[in-house]
Amino acid sequence: MAERLITIATFNELTEAHIIKGRLEAEGILCFLGDEHIVGVQPFYSVAVGGVKLKVPEQDVEEARAILTHIKESNNLFVVEDSEEEETQEESVQAKKCLNCGSDNISEGKHSNSLFSFLPFANSKNKYKCFNCGFQWKQE
């Protein structure tokens, strides 16, 4: 006898449905997505068909819902390495003070007098400007 599939969640976004499906499969739960192809081809039909339906076998419903609850509570679909976050924070702390006068009255962004500053590759590095002394610098 075929095993019965139960819809445990619906998604308007196909990408989100695939991410959650992947998380459940990583936990060893067999999953299927209903109406994924029609939503993938015509995203505006998502509401009309009731969204992309995440289905699991009846025997895995409780475990799958517990995992979904954990994902929703942590609000974290991806695991980020702590070391990367620390490096980014250290870089931003270094850039928050003017290298010339030490003031923290600075701005980050595109500060260029170049004729070609509108081009995306012309401003590829982080640029800073001090409002106290007018000093400008690039942080790599």
Open item on the list: Per 0.36 nm of contour for each residue apart, how much would the distance between I6 and I19 grow if the chain were fully extended, relative to their Cα-Cα spacing?
Closed with: 2.8 nm
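Test of understanding: ordering V49, V61, V41 by Cβ neighbours within 10 Å, fewest first, what list do you get?
Values: V49 14, V61 17, V41 9.
In order of increasing Cβ crowding within 10 Å: V41, V49, V61.
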Task: Relative contact order, percent, region 5-74 [alpha-carbon distance under 8 Å, six or more residues apart] - done: 44
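Can you give the charge dipole size of region 5-74 about its Cα centre, rounded to the nearest 20 debye, using +1 on the beta carbon of Lys and Arg and -1 on the beta carbon of Asp and Glu?
Details: 6 positive and 11 negative charges, 31 e Å.
Dipole magnitude for region 5-74 comes out near 140 debye.
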Task: Pairwise FRET efficiency - H37 versus A66, Cβ, R0 = 30 Å, nearest 0.05 - done: 0.55
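A short reminder: the numbers here are calculations on the coordinates, not readings from a lab. It should be emphasised that the depicted structure is a prediction, and the values quoted were computed from it without experimental measurement. A quick note on method: Cβ atoms are made from the backbone with ideal geometry, for glycine too, and the neighbour counts reach across all protein chains shown.
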